[in-house]
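To start, the structure itself, in structure tokens.
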Amino acid sequence: MHKGPLVPNSTKTVLTAVFPGSFDPITNGHLDIIQRGARLFARVIVAVGQNPGKEEVFTSAERVAMIADLIRDFPNVSVESYQGLTIDFVRQAGGDMILRGIRDTLDVRDELQAANTNLIVGGIETVFLMASDQYTLTSSTFIKQIVAMGGDASTRLSALVPTTVLAKLRAKLAS
Ligand code: ADP
């Protein structure tokens, strides 16, 4: 517990954040967190994992390739895939913390549970960035549903998903 007056911390630390998720596929909401994270941390490693609770559309290699293409211009951002526990990957990759995005109160509940578990079991802290206004309702799941149903709405998705990703999603769901 913090006691006494707050002392400004003048020593800047150089930290690596690991941003884990399923990214199936990556959306502009994820990219926003990556971009903002890249300004705050020395390095950001986007970690593509498996979520047993979600059926996957893209393979892990496909997701990594799409992300690699989109982060080309960010020298301090890289992407890797991993299997198993996120805390093990963070340690093995030399990460200092987990970075996650929060969209709404539903996310808060789930994330609180995961962050506490990762802290108690793995000794790894999680830091959060709140989703930017325009992406608070963007989710890979809904984007997949809209593309799968086709129709006019899917052409307007380019506000929420990179166009390269949208094209790959259309091709995948059409086949
Ligand atoms: P997971 O299955 O591990 O939740 P996701 O790919 O769905 O993986 O999400 C990865 C991370 O990105 C999570 O922290 C999630 O809250 C965050 N995220 C997802 N969509 C958005 C968005 N639109 N804006 C900000 N953060 C987001």
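The values are calculated or read from the model by the stated rules, or taken from the named source; none is laboratory data. Values in this document were obtained by computation on a predicted structure and should not be read as measured data. Here the Cβ is made from the backbone with ideal geometry for all residues, glycine too, and neighbour counts use every protein chain on show. Only protein heavy atoms, including side chains, enter the accessible area calculation; ligands, DNA and RNA are left aside. Shrake-Rupley method; radii C 1.70, N 1.55, O 1.52, S 1.80 Å.
For the reader, a short list of remarks on this structure follows.
- Within segment 43-60, being buried (at least 22 other Cβ atoms within 10 Å of the Cβ) and under 15 Å from the mean Cα position of the chain (by Cα) holds for V44, I45, V46, A47, V48.
- Of the numbered criteria (1) within 8 Å of the ligand (Cβ to nearest atom); (2) touching a helix residue (DSSP H, G or I) at 6+ places or on another chain (Cβ under 7 Å), the one I45 fails is (1).
- Of all residue pairs spaced 6 or more apart or on separate chains, those with beta-carbon atoms under 9 Å, a first member in segment 124-138 that is free of Cβ contacts under 8 Å to residues at least 60 places away in the same chain and among the charged types (D, E, K, R) and a second member that is in a loop (DSSP other than H, G, I, E, B) and more than 9 Å from the ligand (Cβ to nearest atom) are E125/D96.
- Count of segment 108-117 residues, restricted to those that are open to solvent by less than 100 Å² (accessible area, probe 1.4 Å) and either closer than 20 Å to Q35 by Cα or out of contact with any strand residue (DSSP E or B) (no Cβ under 8 Å at 6 or more places or on another chain) (or both), is 3.
- Residue in segment 12-20 that is surrounded by 12 or more Cβ atoms within 10 Å (Cβ to Cβ), at pLDDT below 95 and near the ligand (Cβ under 10 Å from one of its atoms) present: no
- Qualifying residue in segment 118-128 (condition: at pLDDT below 90 and open to solvent by 20 Å² or more (accessible area, probe 1.4 Å)): no
- Enumeration of residues in segment 129-145 that are more than 8 Å from the ligand (Cβ to nearest atom) and buried (at least 17 other Cβ atoms within 10 Å of the Cβ): I143, K144
- Looking across segment 75-106, the residues that are outside any strand (DSSP E or B) and open to solvent by 60 Å² or more (accessible area, probe 1.4 Å) come down to P75, Q83, G84, L85, D88, R91, Q92, D96, R103, D104, T105, L106.
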